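Written out below as structure tokens is the structure these notes cover.
The values are calculated or read from the model by the stated rules, or taken from the named source; none is laboratory data. Owing to the predicted nature of the structure, the values given are computational and were not obtained by experimental measurement. With ideal geometry, Cβ positions are generated from the backbone for all residues, glycine too; neighbour counts draw on all protein chains shown.
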Amino acid sequence: MGPRDPIQAYVVGVQPLAGEGLELRMLVRLRVQNPNDTPLEYHGVAIDMDVQGRRFASGVSDVAGRVPRFGETVIEVPVSISAMRLARSAYDVFGPSGSGTLHYELDGKLAGSAFRSVRFTSRGELVLPHDLYESTQPSPK
């Protein structure tokens with residue numbers, strides 16, 4: 001087995017799930033791309049999501065499947081977010097020193113058999129719509 005090219009993973013969807021107490025739950029949909037000439041079998045996935053440089057959400061799933069050679073698939077992972085993390089992230093984005101830009105980093109692992117687990121990282125930023133960001137800022141006096 002030779003070295004593999006790194007896989008790519010992107011968040012392509014998020015939908016709410018039922019949470020408990022001070023917890024928010026979401027279902028994160030990841031598009032995973034395999035740029036290698038052999039399929040990638042996986043038997044579980046784990047992700048950690050940081051927003052504005054701070055841990056925001058984490059999740060695991062025992063889902064199993066295959067990413068075809070030179071192919072892609074969508075994997076769904078439920079994640080948990082504490083209310084405190086959500087409040088802190090909202091303040092970082094919408095507070096007095098906020099820029100209206102949300103910086104995120106996603107670290108994850110597709111668990112394979114034996115020593116065949118594959119790790120991935122995805123980074124990016126989301127610029128909030130101008131109207132949404134402006135409506136949260138204090139009006140000038």
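Across segment 96-133, which residue is surrounded by the most Cβ atoms within 10 Å (Cβ to Cβ) among those that are of a type in the set (A, V, I, L, M, F, W, C) and at pLDDT 80 or above? Ranking the candidates gives LEU110 first. Being surrounded by fewer than 13 Cβ atoms within 10 Å (Cβ to Cβ) and modelled with pLDDT of 95 or more is a property that ASP62 has. Against the numbered list (1) surrounded by 14 or more Cβ atoms within 10 Å (Cβ to Cβ); (2) modelled with pLDDT under 95, PRO16 comes up short only at (1).
Quick grid of which residues meet (1) touching a Pro at 6+ places or on another chain (Cβ under 9 Å); (2) assigned to a loop (DSSP other than H, G, I, E, B); (3) among the charged types (D, E, K, R); (4) touching a residue at least 60 places away in the same chain (Cβ under 8 Å):
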position	(1), (2), (3), (4)
VAL28	yes, no, no, no
THR38	no, yes, no, no
ALA46	no, no, no, yes
MET49	no, no, no, no
GLY59	yes, no, no, no
ASP62	no, no, yes, no
GLY65	no, no, no, no
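Within segment 1-26, being free of Cβ contacts under 8 Å to residues at least 60 places away in the same chain and touching a Gly at 6+ places or on another chain (Cβ under 9 Å) holds for ARG25, MET26.
Taking the conditions exactly as written (closer than 18 Å to ARG119 by Cβ, under 15 Å from the mean Cα position of the chain (by Cα) and modelled with pLDDT of 90 or more), does MET49 satisfy them or not? Considered against the rule, which asks whether it is closer than 18 Å to ARG119 by Cβ, under 15 Å from the mean Cα position of the chain (by Cα) and modelled with pLDDT of 90 or more, MET49 comes out as yes.
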